[in-house]
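Participant: Take this structure, written in structure tokens, and hold onto it; I'll ask about it next.
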Amino acid sequence: LVYAVRPDAILLSFTLVVVLLASRAAWRPLLRFVIWTGLGLVLLSAGFYAYYGTALPLSFFLKVSPLSIYDADYVHMGLVNKLQNVAQTLLLIFPLVPLIALRRDRVNLALCAAAAVFIAFHGLTTFEIAAYHARFYAPALPLIFAAALRGVPELSTRKRQAAVFAFGAFASLLVWVAYARGWIESPSGYGPDIVTLAEYARYLVGVPALAL
């Protein structure tokens, strides 16, 4: 059902499993997984095409660059929003880096690799006109949060807690600067793009308090 609505989500599960198996040098299971996944996608796409007349949701033919029918001038109109969405996504991830780094193992590597591939895919291919903020990148965030949560038990010393607190405070400062400069969504937009400083308050306060 998820694939029917967001086919791009296959990048998350596929990359996660591939990296996990590759990190364990489990080459035969990896090959079987790739073959069976490819076969499943072919059959699923054929079924969708037979029933709907298209193997992908119609939005793919508008939003994804190799398939899009948008012309260059129209695409250029959404470039500012795209840069803002990418910046907001990275700023949300940034304060979690110390927690992720505290648990450097195969699982966190796989979680972060899957999220990075997904974010890179949309960053490089997706047109974000009427993108409803940074929704294209949102499915990658639970994997980042999971990787960060796995690092929380490692906050066993005051020094580590202070480092996470300082990093979070610095991240909040970056968000405030980006907000003031209009690099992320702010009151300078219009309609649904308007975001007030109060709506960033939970981030500005919550991120530095994470280590507490």
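Participant: Using a 7 Å offset from the Cα along the Cα-to-Cβ direction at both residue 83 and residue 158, what is the distance between the two label points in nm, to one decimal?
Facilitator: Result for the modelled spin labels: 4.5 nm.
Participant: For the range 1-114, give the percent of accessible area contributed by carbon and sulfur heavy atoms, probe 1.4 Å, rounded to a whole number.
Facilitator: On the way: 5180 of 7070 Å².
Of the solvent-accessible surface of the range 1-114, carbon and sulfur hold 73 percent.
Participant: Is the range 1-150 best put as rounded, prolate or oblate by its Cα gyration tensor, with a ≥ b ≥ c the root eigenvalues, rounded for a/c under 1.5, and otherwise prolate when a/b is larger than b/c, oblate when not?
Facilitator: Oblate.
Participant: How high is the relative contact order of the chain, in percent, with contacts defined as C-alpha pairs under 8 Å that are six or more residues apart? Mind showing how you got there, number by number?
Facilitator: Values: 218 pairs, mean separation 47.4, N = 212.
RCO, the chain: 22 percent.
Participant: What accessible surface, in Å², does a 1.4 Å probe find on residue 199, ignoring ligands, DNA and RNA and rounding to the nearest 10?
Facilitator: Here the accessible area works out near 110 Å².
Participant: Over the range 102-147, with the other protein chains present, what is the accessible area per residue in square angstrom, probe 1.4 angstrom?
Facilitator: On the way: 2060 Å² over 46 residues.
Solvent-accessible surface per residue comes out at 45 Å².
Participant: While we're here: What distance in nm separates the two pseudo spin-label positions at residue 6 and residue 65, each 7 Å out from Cα along the beta-carbon direction?
Facilitator: Label at residue 6, label at residue 65, 2.2 nm between them.
Participant: Now a separate question. Please compute the contact order of the range 90-146 in relative form: average sequence separation of alpha-carbon pairs under 8 Å and at least six residues apart, divided by the residue count, as a percent. Walk me through the numbers on the way to the answer.
Facilitator: On the way: 23 pairs, mean separation 28.8, N = 57.
That works out to 51 percent.
Participant: Let me ask another. Would you look at the GNM of the chain, springs on alpha carbons closer than 10 Å, and say which of 70, 200, 51 moves the most?
Facilitator: Result for the chain, Cα springs under 10 Å: 51 fluctuates most.
Participant: With point charges of +1 on the Cβ of Lys and Arg and -1 on the Cβ of Asp and Glu, referenced to the Cα centre of the range 36-150, which listed residue (138, 54, 78) lies farthest in the positive direction of the dipole?
Facilitator: Towards the positive end, the residue furthest out is 138.
The values are calculated or read from the model by the stated rules, or taken from the named source; none is laboratory data. All values reported here derive from a predicted model rather than from experimental measurement. When we count neighbours, we look across all protein chains shown, and the Cβ atoms used for this are built from the backbone with ideal geometry, even at glycine. All accessible areas refer to the heavy atoms of the entire protein, side chains included, with ligands and DNA or RNA removed. Shrake-Rupley method; radii C 1.70, N 1.55, O 1.52, S 1.80 Å.
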